[in-house]
Amino acid sequence: MLGKTAGGLFWMYRYLERAENTARLADAGFRIALTRSDHAEDEWASIIDTASARAAFAAVDGKFDGPSVINFLLRDPQNPSSVISVTEAARNNARLVRTALTREVWEAVNETWITLKDTLARPVRETDLPDVLGMIRKQSALVRGATVGTMLRNDIYNFARIGTFIERADNIARILDVKYYVLLPSVQLVGSTLDNVQWETILRSASAERSFRWLHGGETRPLTIADFLILDRRMPRSLLYCMRKIAGNLGYLCSDYGVRRPSLDFVLGLRDELEELDIDQVMERGLHEFLTYFINCNNVLAGHVEQDFRFNN
Amino acid sequence: MGETPTFFNEMDGNGERPRAPYARYGDWFAGEPPERLRRKAREAETFFRRTGITFNVYGSEAADERLIPFDIVPRIISAKEWSRLTRGIEQRVRAINAFLNDIYHRQEIIRAGRLPAELIENNDAFLPKMIGVTPPGNIYTHIVGVDLVRTSENEFFVLEDNARTPSGVSYMLENRETMLQMFPELFTKIRVRPVSDYPKMLRRSLAACAPPACTGRPVVAVLTPGIHNSAYYEHAFLADQMGAELVEGHDLRVVDGRIAMRTTLGYTPIDVLYRRVDDDYLDPLNFRPDSYLGVPGILDIYRAGGITIANAPGTGIADDKAIYSYMPDIVQFYTGEKPILKNVPTWRCSEPSSLAYVLEHLSELVVKEVHGSGGYGMLVGPAASKKEIEAFRAKLASKPGNYIAQPTLALSTVPILTRAGLSPRHVDLRPFVLVSPDGIEITPGGLTRVALKKGSLVVNSSQGGGTKDTWVLED
């Protein structure tokens, strides 16, 4: 496979994952604003921070209110991480790697782009937001279904999955980092309504509120939430889960190719490190410090993959 | 149908009933509710858009992707008509390859006084760097698109030979696929020769021309200028269908005397490169130094037998519009036979007496730039305003050697489906020809382009043309 194609697949799936996570973030923000109109401005600001978009938002003179933030996240072409921007980037990458995709995957991505471009051509009104977000979720599911259902399990699939999980780990770590202070053990003692809303937002941003409730019943404790999103092996969006997946896909890739590459060693090290941690140790290191370290490692991993498989040169 | 009977209507022959090739289709059509057909036409558009069969328009504001409009009424050719056409095409393509070999070697045709030497020497399409080079298998044009037009029941003309990198074959294939999906019942009623083998045949033809350096199963790749090229969809489509890699210049470099592509595991040599990049951009060391689309040094590797480039560099000299007028002589010279397909009578404006005639008859003629393509830079006299004609006259007078002129042909029509029912529109036909040491293969049919604007004679997709599925009937 061409190095360029591997890179195109990797980025295509990173962008698709980002589109979905950004939409979910908008959803979480929308809900919190509905429940807490008095602190809405802070909440919208933290949503922008989670999307790592403070500078881009300032550049468009955005106000921290619902319509501005939601339109910025979903449809502003000036925002390189808006749903429409990353969907277009995903589709451009899909065109680039067209020969590596099944017809089903290509058509799903192309249709997603066509549909979103149309829907997001006009500002999204509050009343339409649930429908629009639902549609984005549905399109993501369509692409994922086509990928899982029709793609051969070879290097193409492995690069697609590696891209997906690197992006997901990054996004989840950022969601946690922006709100890390509400998850600190000291907060448990307080546990105000306010905190409850914050916790709910975090879970919702990670699409984890249902699975969390299944596992932990009605008891929402910050330490449990942090544990769930960082170290749970069953939770498909936890950091450890993502690293295990990447380790698996890099493992398949290297054994198919009959090579050993630094990226594999690196991810195995990172995975083992997470496997051996428990949440108390994470808190001892400092949640924020740990997340910063993780985001950095994840970036280094992405760099290794890019070099090892010659995406660019 | 307010059509003047001077244009041959291929469906009804300007009579009451469909001509024989259209008889069964005509019956079927008559029994279809118009509303269903119109719905099908809309479905076809959705299908094309979802599949992403689009082309990028140069020079348009947002560099947006457009669909080439597809018309659901097929263009139908009988087995007998087709067999005559194929004999003519085959003869012409054989002559073109012999001509290219000759022009880059002994130039017998010039020595014999059948072609003026300056026509070659002063021609930008002639590549001196190809002199003395014999491509693997002695094939210059692996893929040719011969543009044909029809003017009556029995008259076909070759409008131009596309011997560089003819495009449009993906539309031929997708048009058929679309028709099969929309009207499966038609294909059980009417026996149409399939076209779907084209990618397999293309791969086989290319592999049969592997260079001396190739040791195992030939590795074939398609070279594209990239996703912003107007024909990118086709490049990706063909690579995909052939199971070949789709590469860009920056994926390639010279490694150990071969052209190699950067894979996830390092550089792997390519044997046959089906390039969709023009000669000028192919090799910045040998041609345009500012090109990012090609591979530095590829021409040297080619000359040393390290890679096959399809089509060969320098084939443009065979489809040059100034050479075109000599094609009947060229065919005769190399095949020893009379040309089966006619050339359109052509005035070479480089010749003073022709120029004088052309300047006097601008309003009746079609004037083309010798090196132009895509329907740009041409004058269609009968359709042009006085002002346009005068502007063109000035251009022509200042650089006569740049132009040729032809009579406005009475292009045949095939009906398209409009809101008001069937309505005739002018068409042309581009059959696709594959050449390899094993012989010449012509896919039955080709791409029918149709001028959607009533009365228009310009069928180019960049100028508002559409396409039709083209059927060649089984015997």
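The values are calculated or read from the model by the stated rules, or taken from the named source; none is laboratory data. Since we're looking at a predicted model, the values are computed, not measured. Backbone-built Cβ (ideal geometry, glycine too); neighbour counts: all protein chains shown. Each accessible area value is taken on the protein alone, full model and side chains, heavy atoms only, with ligands, DNA and RNA left out. Shrake-Rupley method; radii C 1.70, N 1.55, O 1.52, S 1.80 Å.
General observations
- Cut-off 13 Å between beta-carbons: net charge of the residues surrounding A:Met283, Lys and Arg +1, Asp and Glu -1: -3
- Estimated FRET transfer efficiency (B:Thr418, A:Thr127; beta-carbon r; R0 45 Å; 0.05): 0.65
- Cα centroid separation - the range A:4-67 against the range A:276-313, whole Å: 22 Å
- A Förster radius of 25 Å combined with the Cβ-Cβ distance from A:Asp265 to A:Val148 puts the calculated FRET efficiency at roughly 0.35.
- Across the range B:156-207, the fraction of Cα-Cα pairs farther apart than 15 Å, rounded to a whole number, is 63%.
- Each 10 Å bin from 0 upward holds the following percent of the Cα-Cα pairs of the range B:355-475: 12, 34, 29, 19, 6, 0.
- Ranking A:Ser140, B:Ile120, B:Val435 by how far each Cα lies toward the positive end of the dipole of the protein assembly as shown (charges on Cβ) leaves B:Val435 at the top.
- Listed residues B:Ile77, B:Ala356, A:Ile166: farthest to the positive end of the dipole of the protein assembly as shown (Cβ charges): B:Ile77
- Spin-label pair A:Lys117/B:Ile389, simplified geometry with 7 Å Cα→Cβ offset, distance in nm: 4.2 nm
- Note on B:Lys129: lysines with a C-alpha under 23 Å away, same-chain residues under 8 apart excluded, are B:Lys321.
- Carbon + sulfur, % of accessible area of the protein assembly as shown - ligands and nucleic acids excluded, 1.4 Å: 50 percent
- When B and A come together, around 2300 square angstrom of accessible surface is lost from both chains combined, probe 1.4 Å.
- Long-range amide H partners of B:Asn286 with built H, under 5 Å: B:Gly297
- Here the range B:45-180 is treated as a sphere whose radius is the Kirkwood value from Cα pairs; by Stokes-Einstein at 25 °C and 0.890 mPa s it diffuses with a coefficient of 132 µm²/s.
- Derived scalar couplings between HN and Hα for the range B:175-186 equal 4, 5, 4, 5, 5, 4, 6, 7, 10, x, 4, 5 Hz in order, rounded to whole Hz, by the Karplus curve 6.51 cos²θ - 1.76 cosθ + 1.60 (θ = phi - 60°), x for Gly and Pro.
- Threshold 40 Å² - residues in the range B:216-237 whose accessible area is reduced by that much or more when the chain is no longer isolated, probe 1.4 Å: B:Ile227, B:Tyr232
- Taking 7 Å steps out from each Cα toward its Cβ at A:Glu219 and B:Ser353 produces label points 10.6 nm apart.
- The count of lysine pairs in chain A that are at least 8 places apart or cross chains, and whose C-alpha atoms lie under 24 Å apart, stands at 5.
- Share, in percent, of DSSP beta bridges within chain B that are antiparallel, nearest 5: 75 percent
- Along chain A, longest interval not containing exposed trypsin sites (Lys or Arg not before Pro), exposed being DSSP loop plus at most 15 other Cβ atoms within 10 Å: A:154-232
- Amide H contacts of B:Thr408 (H built 1.01 Å from N, in plane; Pro and chain starts excluded): B:Val366 sit under 5 Å, all sequence-distant by 5 or more or on other chains.
- Of all DSSP beta bridges in the protein assembly as shown, antiparallel share, percent nearest 5: 75 percent
- Cβ-Cβ FRET estimate between B:Arg24 and B:Arg84, R0 fixed at 22 Å, reported to 0.05: 0.55
- Surface per residue (accessible, 1.4 Å probe) for the range A:180-313, Å²: 47 Å²
- Measuring nothing but how far apart in sequence close Cα pairs (under 8 Å, 6+ apart) lie, relative to its length, the range B:409-475 scores a relative contact order of 25 percent.
- Here the dipole of chain B is about 640 debye; that uses its Cα centre as origin and unit charges on the Cβ of Lys and Arg (positive) and Asp and Glu (negative).
- Between the amide H of B:Asn9 and those of B:Asn14, B:Thr413, distances stay under 5 Å, these residues lying 5 or more places away or on another chain, with hydrogens modeled in the peptide plane.
- Estimated vicinal HN-Hα couplings, Hz - the range B:305-320 in sequence order (Karplus 6.51, -1.76, 1.60; Gly, Pro = x): x, x, 7, 9, 10, 10, 5, 4, x, x, 6, x, 5, 7, 10, 4
- Taking each DSSP H run with n ≥ 4 as -39500 (n - 2.57) and averaging over every residue of chain B yields -9000 deg cm²/dmol at 222 nm.
- Amide N proximity, the range A:275-313 versus B:Asp256 label position 7 Å along Cα-to-Cβ, cut-off under 12 Å: none
- Per-residue Karplus couplings for the range B:75-81, computed as 6.51 cos²θ - 1.76 cosθ + 1.60 with θ equal to phi - 60°, are listed in order as 9, 10, 10, 6, 4, 5, 4 Hz, Gly and Pro entered as x.
- MRE, 222 nm, helices only [DSSP H, n ≥ 4, -39500 (n - 2.57), over chain A, to nearest 500]: -24500 deg cm²/dmol
- For chain B, the solvent-accessible area of protein heavy atoms averages 41 Å² per residue (probe radius 1.4 Å; ligands and nucleic acids excluded).
- For the range A:86-175, dividing the convex hull volume of the Cα atoms by the residue count gives 105 Å³ per residue.
- Chain A: relative contact order in percent, alpha carbon pairs under 8 Å with at least 6 residues between: 23 percent
- Between the range A:196-237 and the range B:218-238, the Cα center-to-center distance that results, in Å: 47 Å
- For A:Arg75, the shell of other residues with beta-carbons less than 13 Å away shows a net charge of -1, using +1 for Lys and Arg and -1 for Asp and Glu.
- With only Cα atoms counted, the range A:129-228 has Rg and Dmax values of 16.8, 51 Å.
- Relative contact order (percent, whole number), the range B:116-243, Cα cutoff 8 Å, 6+ residue spacing: 21 percent
- Per residue of A:98-104, other chain Cβ atoms within 10 Å of the residue Cβ number 4 on average.
- Exposure rule at most 15 other beta-carbon atoms within 10 Å, DSSP loop chymotrypsin sites (Phe, Trp or Tyr not before Pro): chain B longest free segment: B:59-291
- Dipole magnitude of the range A:163-252 about its Cα centre (Cβ charges: Lys, Arg +1; Asp, Glu -1), debye to nearest 20: 300 debye
- Cα extents of the range B:268-362 along the three principal axes, largest first (Å): 56, 35, 18
- Residues of type aspartates and glutamates that B:Lys395 reaches as a straight line, Cα spacing below 12 Å, ignoring anything fewer than 8 places off in the same chain: B:Glu369
- Mean projected area (nm²) of the alpha-carbon convex hull when the protein assembly as shown is viewed from all directions: 38.5 nm²
- Per-residue shielding of B:46-52, expressed as the average number of other chain Cβ atoms within 10 Å of the residue Cβ, stands at 4.
- Within the shell defined by Cβ-Cβ distances under 13 Å, the residues around B:Leu127 carry a net charge of -3, with Lys and Arg each +1 and Asp and Glu each -1.
- Estimated translational D of chain B in µm²/s (Stokes, Kirkwood radius over Cα pairs; 25 °C; 0.890 mPa s): 105 µm²/s
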